[in-house]
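All remarks here apply to the structure that follows.
The values are calculated or read from the model by the stated rules, or taken from the named source; none is laboratory data. Note that this is a predicted model, so its numbers are computed, not measured. Here the Cβ is made from the backbone with ideal geometry for all residues, glycine too, and neighbour counts use every protein chain on show.
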Amino acid sequence: MSGARSTSHHDDAGHPQGTLRGYVTGFVLAAILTATPFWLVMSDIFDNKTVTALAIMAFAAVQIVVHMIFFLHMSPRSEGGWSLMALGFTIIIVFITLSGSLW
């Protein structure tokens with residue numbers, strides 16, 4: 001069947017490609033993870049500024065993971081494990097950045 005269409009979401013080189021559903025899910029999560037810290041600051045929900053800063057950094061860390069999964073398509077299965085190593089490196093850099101920001 002030369003006219004059959006592949007249902008796999010990979011390009012010719014075997015790299016995963018996103019679906020519309022995945023991109024919309026990632027966009028909605030990213031929008032929520034952006035709007036919530038803005039609301040926390042504007043509504044002055046927490047009396048303590050340190051708690052507010054920690055909450056914002058937690059939302060930022062979760063948003064980084066959302067971007068890596070939904071937009072960069074990083075998973076332990078992709079690219080022979082190199083994506084997982086890149087994820088570990090990213091987590092280390094994020095930890096250093098967030099720690100430096102708090103300090």
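Kindly indicate whether Trp82 is at pLDDT below 85 and over 23 Å from Arg21 (Cβ atoms). Yes: the conditions hold for Trp82. Taking the conditions (1) at pLDDT 90 or above; (2) within 30 Å of Ser101 (Cβ to Cβ) in turn, Met57 satisfies each one other than (1).
Yes/no per residue for (1) of a type in the set (Asp, Glu); (2) touching a Lys or Arg at 6+ places or on another chain (Cβ under 7 Å); (3) without any contact (Cβ under 8 Å) to a residue 40 or more places away in the chain; (4) more than 21 Å from Tyr23 (Cβ to Cβ):
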site: Thr34; (1), (2), (3), (4): no, no, yes, no
site: Ser43; (1), (2), (3), (4): no, no, yes, yes
site: Asn48; (1), (2), (3), (4): no, no, yes, yes
site: Thr52; (1), (2), (3), (4): no, no, yes, yes
site: Ala55; (1), (2), (3), (4): no, no, yes, yes
site: Phe59; (1), (2), (3), (4): no, no, yes, no
site: Val62; (1), (2), (3), (4): no, no, yes, no
site: Val66; (1), (2), (3), (4): no, no, no, no
site: Phe71; (1), (2), (3), (4): no, no, no, no
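Considering only residues in segment 34-48 that are of a type in the set (S, T, N, Q) and within 24 Å of the chain's Cα centre (by Cα), the one that is nearest to His67 (Cα to Cα) turns out to be Thr34.
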